[in-house]
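The values are calculated or read from the model by the stated rules, or taken from the named source; none is laboratory data. Fair warning: this is a prediction, and the values are worked out from it, not measured in the lab. In this analysis, Cβ positions are derived from the backbone assuming ideal geometry, glycine residues included, and neighbour counts consider all displayed protein chains.
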């Protein structure tokens, strides 16, 4: 028990050091903050504009009213923020580690290599998007008079955690393939553009796409299902489904990484 | 069980590579019908290294040095054969094993480019679970051994190559590994920094009894640090022993320089050995190793010698000749 506890203390020390150093790098470029803020606001107004066009023809989009659809958009913006803060800076670097051979140094550290590769860097530039996402959700929940009880907030964060984990696992899975396909394949960018489909409720899409987004690439579980749980469109048991799916994807990503490492040949000089 | 730090038995690594002919046609063909073939990078090599030994690992590019080093530290899974490093199977990458080894690669850096080395070093300290106070002690100790001072507080991008390499060594040795794998640690360094790095490695070895396996293209690194060399070519070990015996194998002839106080004819000198260079009061001869002592005593008896110098041809030269001679190596 004690050694387990020490291990977690040690990991949090490591993360602290990780994030100290990465913030030190990021904050060298203050202008980034402004650019990021402008781009987040641009994105937000673009999405709002499109959404308002949809609602011009009627009060419902695939059975969702405007404020309910805003919650989906809010969750999307939070995930987008998490992507900018953690997923993109870390996972898109895996390809470079493989290409430059610096993955060797990571693998030879007495720490889980997946942990290192996934959480080495944290970037503050995802914060605006996360904040706006949260504000959007609070505003919508108040507008449709959902009770903001502690229990609901807890459920909301559980859902958010699970959907981030699904997104992370998918992304890490794709990034792992760079062990074989060095430089040919920057799959992570592809995933990021598919994620855009999560801006709007799934039922707004035609049936074919909906099936793909539910079963093949679980975009539905990233934004729509969490939103349905929060609004109370589906029962709370759905949380269990999202959590199980997240756990499965996470387990697959770990397994796959171990498998990929068996094939790692290390860039030669 | 032997007490060796590193023991390797019939270690083999095969790669499968795809063949591609140049041009558009070749590319299409490569895309449609990929043909792979197996290349043996390391071919059943065996050796063992005792604790505290410093062994030079030499061979031409593509001989299998880096592949072997990476199998020894666990990055590459062997195709067949056994490796044991301080009693561990390296490719399991157990933390207990990783805390005792390090890999330093001259052409790849682990320090973060935009930050001072100290920041990266402290990340390593946290990863290896070294307490802050102990970390500071170790940094002070290693920095003074390396001759590093304020450089540790300047961003890596502003350091010279030599300073950067020294900082890399500090980062790689903070956890006091007992096994060091060094792949071209002095690559691209100027002569002064090269000597500095060598001196450091030698004193680290003395202080901690660390075992080192060092590959380098600079024979100076090998001659000044390693009594033993392993020469690898086409994935096979063709010499494992002292540097002196390697020289003897490679160079059966010694070179003898003579200075004379009276001019001598070419013929009178030529009977002692093969003349490489000659003026009437100076000569350079090649004499077989076995006949060396008798020839020299004859020369001293017969000729008016003012100065005599016996030397081996430089090892760099020998190795270069060896690798240029190509496929048919027979030593």
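Residue count for the range B:275-288 under the criterion of being at pLDDT below 85 and in contact with a strand residue (DSSP E or B) (Cβ under 6 Å, 6 or more places away or on another chain): the result is 1. Does residue A:215 count as over 15 Å from the mean Cα position of the chain (by Cα), free of Cβ contacts under 8 Å to residues at least 24 places away in the same chain, within 14 Å of another protein chain (Cβ to nearest Cβ) and surrounded by fewer than 16 Cβ atoms within 10 Å (Cβ to Cβ)? For residue A:215, the condition - over 15 Å from the mean Cα position of the chain (by Cα), free of Cβ contacts under 8 Å to residues at least 24 places away in the same chain, within 14 Å of another protein chain (Cβ to nearest Cβ) and surrounded by fewer than 16 Cβ atoms within 10 Å (Cβ to Cβ) - is not met. Note on the range B:109-134: residues that are farther than 14 Å from residue B:165 by Cα and either more than 7 Å from chain A (Cβ to nearest Cβ) or in contact with a strand residue (DSSP E or B) (Cβ under 6 Å, 6 or more places away or on another chain) (or both) total 7.
Checking B:39, B:58, B:49 one by one, the residue that is at pLDDT 95 or above and more than 8 Å from chain A (Cβ to nearest Cβ) is B:49 and no other.
Looking only at residues in the range A:123-144 that are farther than 30 Å from residue A:65 by Cα and buried (at least 18 other Cβ atoms within 10 Å of the Cβ), which one is modelled with the lowest pLDDT? Before you say what the answer is, go through the steps one by one.
Kept after step one, since they are farther than 30 Å from residue A:65 by Cα, are these residues of the range A:123-144: A:123-125.
In the following step, the residues that additionally are buried (at least 18 other Cβ atoms within 10 Å of the Cβ) were identified as A:123, A:125.
On the way: A:123: 88, A:125: 84.
Per the stated criteria, the residue is A:125.
Taking the criterion of being assigned to a loop (DSSP other than H, G, I, E, B), surrounded by fewer than 17 Cβ atoms within 10 Å (Cβ to Cβ) and in contact with a strand residue (DSSP E or B) (Cβ under 9 Å, 6 or more places away or on another chain), would at least one residue in the range B:236-247 satisfy it? No: zero hits. Which pairs have Cβ atoms under 7 Å, sit 6 or more apart or on different chains, and link a residue in the range A:183-204 that is modelled with pLDDT under 75 to one that is surrounded by fewer than 21 Cβ atoms within 10 Å (Cβ to Cβ) and in a helix (DSSP H, G or I)? Short answer, once both residue conditions are applied: A:183/A:99; A:185/A:177; A:187/A:174; A:187/A:177; A:188/A:174. Counted as qualifying within the range A:26-128 are the helices (runs of 4 or more DSSP H) with 1 or more residues that are closer than 23 Å to residue A:159 by Cα and more than 14 Å from every other protein chain (Cβ to nearest Cβ), namely A:31-54, A:66-82, A:88-91, A:113-119.
The selection criterion, being within 7 Å of chain A (Cβ to nearest Cβ), under 21 Å from the mean Cα position of the chain (by Cα) and under 22 Å from residue B:6 (Cα atoms), does not hold for residue B:98.
Yes or no, residue by residue, for (1) in contact with a helix residue (DSSP H, G or I) (Cβ under 8 Å, 6 or more places away or on another chain); (2) modelled with pLDDT under 95:
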site	(1), (2)
B:204	yes, no
B:213	yes, no
B:218	yes, yes
B:222	yes, yes
B:225	yes, yes
B:233	yes, yes
B:236	no, yes
B:239	yes, yes
B:243	yes, yes
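Scan the range B:251-273 and give yes if some residue there is loosely packed, with under 14 Cβ neighbours inside 10 Å and within 20 Å of residue B:65 (Cα to Cα), otherwise no. No, every residue in the range B:251-273 fails to be loosely packed, with under 14 Cβ neighbours inside 10 Å and within 20 Å of residue B:65 (Cα to Cα).
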